[in-house]
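Below you'll find the structure, written out as structure tokens, and then a few comments.
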Amino acid sequence: MSEWVLGVLGGSGLYDLEGLENPQWISIDTPWGQPSDDILFAEMNGVKLRFLPRHGRAHALSPSDVNYRANIDALKRAGCTDILSLSAVGSLQEQYPPGDFVIIDQFIDRTFKRETSFFGKGCVAHVSAADPICRRLAKLAGQAAKIAGANVHHGGTYLAMEGPQFSTKAESHMYRAWGCDVIGMTNMPEAKLAREAELPYATVAMVTDYDCWHEGHGNVDVASVIAVLMKNAGLAKAAVREIITALAAQKRMPSPQGIETCLDVAIITAPENRDPALLAKLEAVAGRVLKTP
């Protein structure tokens, strides 16, 4: 596989991208339901791009209502080789002020209302999530964000909460005590599902606020978040352009972490005991290893 096809999941404030060649919004059906929106097929500098606004272009979906399985399946069907997540987050540490970007390398998942796996009864799989981020893509994303003008921090733990409400102060202080760096509502189970689909995934976390733990700042609210979002959105779009420039200059090789073949050692259900109905649903995300028609 030598061609990059970059999937971009746009978070709050990121509903489209400008300066693209041959842009076309295309609807993709999945066996897991409808994705958040149509996918924008386009090119830039010879690199294929697939953009999906995570909450829909009208931001009509709350974090709990996003169909994460359908989104990842649709991006896989769209030919993506890698997925870049652009996500608004709150900061849990003094050194990450609003406006800064954090390149995530770990997650803690505190969500509880969401479908978290493509696999289950009829075909059980256990994918390793020890290192949930593609280090190669994360490095490229961090470099691109820096060139775009962002103040970038490399490495950080993202606490994924259910929402849609923001944290209580007790929760915020607890997450800080755990050593978490930022807090958001969308990157889990998204990152785990991307790994199950054998898609390298990286997160650019764009800080909008200090959550509610910081005594020197007011409690987080939508109005204050939106004000920072607008600035961050411009930097994020510039970062996408820069990462595409970097991708255009190099041939794509398989991930050094073996992400594209991680299902080889994950599926535990014997072939003769696998549910044909579930196998049919898994065609896009796991057809390579399941050898579905």
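The values are calculated or read from the model by the stated rules, or taken from the named source; none is laboratory data. Model, not experiment: these values are computed from the prediction. All Cβ positions, glycine included, derive from the backbone under ideal geometry; neighbour counts span all protein chains shown.
Here is a yes/no grid of residues against (1) polar (S, T, N, Q); (2) outside any strand (DSSP E or B); (3) farther than 20 Å from Gly10 by Cβ; (4) in contact with a His (Cβ under 6 Å, 6 or more places away or on another chain):
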residue: Ser128; (1), (2), (3), (4): yes, yes, yes, no
residue: Leu137; (1), (2), (3), (4): no, yes, no, no
residue: Ala170; (1), (2), (3), (4): no, yes, yes, no
residue: His173; (1), (2), (3), (4): no, yes, yes, no
residue: Cys180; (1), (2), (3), (4): no, yes, yes, no
residue: Lys192; (1), (2), (3), (4): no, yes, no, no
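A residue that is on the phi > 0 side of the Ramachandran plot and of a type outside the set (Phe, Trp, Tyr) can be found somewhere in region 57-74. The set of residues in region 274-291 that are surrounded by 15 or more Cβ atoms within 10 Å (Cβ to Cβ) and not in a helix (DSSP H, G or I) comprises Arg274, Leu282. Applying the condition of being among the small types (Gly, Ala, Ser) and within 21 Å of the chain's Cα centre (by Cα) to region 204-241 and asking which residue is modelled with the lowest pLDDT yields Ala233.
Can you tell me how many residues within region 39-55 are in contact (Cβ under 8 Å) with a residue 40 or more places away in the chain, surrounded by 14 or more Cβ atoms within 10 Å (Cβ to Cβ) and either touching a Phe, Trp or Tyr at 6+ places or on another chain (Cβ under 7 Å) or not hydrophobic (A, V, I, L, M, F, W, C) (or both)? Outline the logic, then answer.
Taking region 39-55 first, the residues in contact (Cβ under 8 Å) with a residue 40 or more places away in the chain are 44-55.
Subset that is surrounded by 14 or more Cβ atoms within 10 Å (Cβ to Cβ): 44, 47-55.
From what is left, the residues that are either touching a Phe, Trp or Tyr at 6+ places or on another chain (Cβ under 7 Å) or not hydrophobic (A, V, I, L, M, F, W, C) (or both) are 47-48, 50, 53-55.
Counting residues in region 39-55 that are in contact (Cβ under 8 Å) with a residue 40 or more places away in the chain, surrounded by 14 or more Cβ atoms within 10 Å (Cβ to Cβ) and either touching a Phe, Trp or Tyr at 6+ places or on another chain (Cβ under 7 Å) or not hydrophobic (A, V, I, L, M, F, W, C) (or both) gives 6.
Of the residues Ile244, Ile259, the single one that is modelled with pLDDT of 75 or more, touching a helix residue (DSSP H, G or I) at 6+ places or on another chain (Cβ under 8 Å) and β-branched (Val, Ile, Thr) is Ile259. Determine whether Ser36 is surrounded by fewer than 20 Cβ atoms within 10 Å (Cβ to Cβ) and closer than 18 Å to Thr186 by Cα. Taking the combined requirement at face value, the residue does not satisfy it.
If you go through region 95-114 and keep only what is at pLDDT below 95 and either in a strand (DSSP E or B) or over 14 Å from Ala145 (Cβ atoms) (or both), you end up with Pro97, Pro98.
Quick check: anything in region 141-162 in contact with a strand residue (DSSP E or B) (Cβ under 6 Å, 6 or more places away or on another chain), closer than 22 Å to Ala60 by Cα and part of a helix (DSSP H, G or I)? Checked region 141-162: no residue is in contact with a strand residue (DSSP E or B) (Cβ under 6 Å, 6 or more places away or on another chain), closer than 22 Å to Ala60 by Cα and part of a helix (DSSP H, G or I).
Which one is surrounded by the fewest Cβ atoms within 10 Å (Cβ to Cβ), of the residues in region 73-119 that are among the polar types (S, T, N, Q), touching a residue at least 60 places away in the same chain (Cβ under 8 Å) and within 30 Å of Val5 (Cβ to Cβ)? Among those that are among the polar types (S, T, N, Q), touching a residue at least 60 places away in the same chain (Cβ under 8 Å) and within 30 Å of Val5 (Cβ to Cβ), it is Ser117.
Contact map, region 143-170: first residue touching a residue at least 24 places away in the same chain (Cβ under 8 Å), second residue assigned to a loop (DSSP other than H, G, I, E, B) and among the aromatic types (Phe, Trp, Tyr), Cβ cut-off under 7 Å, separation 6 or more or different chains; pairs are His153/Tyr96; Glu162/Phe112; Lys169/Trp213.
Go through the residues of region 115-137 one by one and say whether even a single one is over 26 Å from Ile268 (Cα atoms) and under 13 Å from the mean Cα position of the chain (by Cα). So that I can check it myself, show each step before the final result.
First, pick out the residues of region 115-137 that are over 26 Å from Ile268 (Cα atoms): 135-137.
When the remaining residues are screened for being under 13 Å from the mean Cα position of the chain (by Cα), the result is 137.
So far as region 115-137 goes, yes, one or more of its residues are over 26 Å from Ile268 (Cα atoms) and under 13 Å from the mean Cα position of the chain (by Cα).
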